[in-house]
Amino acid sequence: AQSVTQPDIHITVSEGASLELRCNYSYGATPYLFWYVQSPGQGLQLLLKYFSGDTLVQGIKGFEAEFKRSQSSFNLRKPSVHWSDAAEYFCAVGRNSGNTPLVFGKGTRLSVIA
Amino acid sequence: SAVISQKPSRDICQRGTSLTIQCQVDSQVTMMFWYRQQPGQSLTLIATANQGSEATYESGFVIDKFPISRPNLTFSTLTVSNMSPEDSSIYLCSVIDPRYEKLFFGSGTQLSVL
């Protein structure tokens, strides 16, 4: 069965600083990988997804993520964080058949300070 | 992109009562899923809503507590029965097409049980 680990429960960064949120997955085959953001009182918004091909994936709001098979990781990055990026970030994995629900990590809460 | 209408968006209910949550999609989709997000937690899959057959429940969730209907390819309901304060959560429906071509979440139902 798939599983997702987000090692960092809470991260605080200064506005303008770079950001990396960690995600490790467990799945025997090539997974489908996703990053979602959930702002306070808001629904889930898909930031980006990886299915195959180029291992560096560009998403919305200036985010990117890199799939590293050897490390079973799919870390999310942003070169310069904005105060509006403060939110909860969830990494999720799906099976490569694409017909199963996503399994979510526990989330990382991002705080941004001036 | 698919549009998901989930209602109610929030409700406050008394212990022992039941609430039915509706999820309407503007296009036909194969897969519909119901998730629960308890306060400060990640998303946990409750069940897969199968069109024309009984829902498939995850470990820890049972049909008597969370009956689900899926009468057609655009609609599903989740009922939270005999509610207790522990059922206070956000409930979300999700739609997925094979290969995750369509992958969306409803805006959620915030349920508070007194």
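Remarks
- Filtered residue count, the stretch A:93-114, keeping only those that are in contact (Cβ under 8 Å) with a residue 12 or more places away in the chain and at the interface with chain B (Cβ under 8 Å from one of its Cβ atoms): 8
- Taken as a whole, the stretch B:55-73 holds no residue that is acidic (Asp, Glu), closer than 21 Å to A:Gly41 by Cβ and either modelled with pLDDT under 95 or not in a strand (DSSP E or B) (or both).
- Single residue of the stretch A:16-36 satisfying the filter (out of contact with any Pro (no Cβ under 8 Å at 6 or more places or on another chain) and not in a strand (DSSP E or B)) that is farthest from the other protein chains (Cβ to nearest Cβ): A:Gly16
- Number of residues in the stretch A:51-73 that are surrounded by fewer than 10 Cβ atoms within 10 Å (Cβ to Cβ) and hydroxyl-bearing (Ser, Thr, Tyr) equals 2.
- The stretch B:39-54, residues that are more than 12 Å from chain A (Cβ to nearest Cβ) and either of a type in the set (Ser, Thr, Tyr) or surrounded by 16 or more Cβ atoms within 10 Å (Cβ to Cβ) (or both): B:Gln51, B:Ser53
The values are calculated or read from the model by the stated rules, or taken from the named source; none is laboratory data. As the structure is a prediction and not an experimental result, all values here were calculated from the model. Note that each Cβ is placed from the backbone with ideal geometry, even for glycine, and that neighbours are counted across all protein chains shown.
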